[in-house]
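As structure tokens, the structure follows; a few thoughts come after it.
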Amino acid sequence: PRPAGSATADVIRYLRLNHMSDPYSSLEDGVDLNEMMSSPQPEYHGGDGAPYWTLIARLTVRGCLREAWTALTRHSACRRCLEAASASAAEGEGAELARRDPIAAEDYEA
């Protein structure tokens, strides 16, 4: 039996989804979400990328992990790694092609 007043995972999920503000609603004024996410480098949108990282943090805290992951895959380093992996798989070179790009190499080794 659980101690009185304990919170279960279901209660936490309910509270996050029904009592936290919408993560998309209060981004900085003038931030166009569609423009930011379709830009080649959303992590630098608006100069310092604060709206991008704020969105990811809000999605994560709210428990919207699928949406947070989708936003992270728009990061330019992530896309370079995916493109390099796709190209290497098509050419049958395995991970070697991904290691040629310095940023992809850092991400591959991490």
Scan the helices (runs of 4 or more DSSP H) fully inside region 8-62 and keep the ones with 2 or more residues being of a type outside the set (Val, Ile, Thr) and under 19 Å from Cys78 (Cβ atoms). 33-38, 50-62
If you check every pair at least six apart or on different chains, which have Cβ atoms under 6 Å apart with a residue in region 54-82 that is polar (S, T, N, Q) first and a residue that is surrounded by fewer than 15 Cβ atoms within 10 Å (Cβ to Cβ) second? Ser76/Gln41
From the list Tyr108, Tyr44, Tyr52, which residue is more than 30 Å from Leu15 (Cβ to Cβ) and modelled with pLDDT of 85 or more? Tyr44
Look through region 14-41, keep the residues that are at pLDDT 80 or above and among the charged types (D, E, K, R), and return whichever of them is least open to solvent (accessible area, probe 1.4 Å). Asp32
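The values are calculated or read from the model by the stated rules, or taken from the named source; none is laboratory data. Just so it is clear, the structure is predicted and the values come from calculations on it, not from any experiment. Heads up, the Cβs are rebuilt from the backbone with ideal geometry, glycines too, and the neighbour counts pull from every protein chain shown. Protein only, heavy atoms only, side chains kept; ligands, DNA and RNA dropped before computing areas. Shrake-Rupley method; radii C 1.70, N 1.55, O 1.52, S 1.80 Å.
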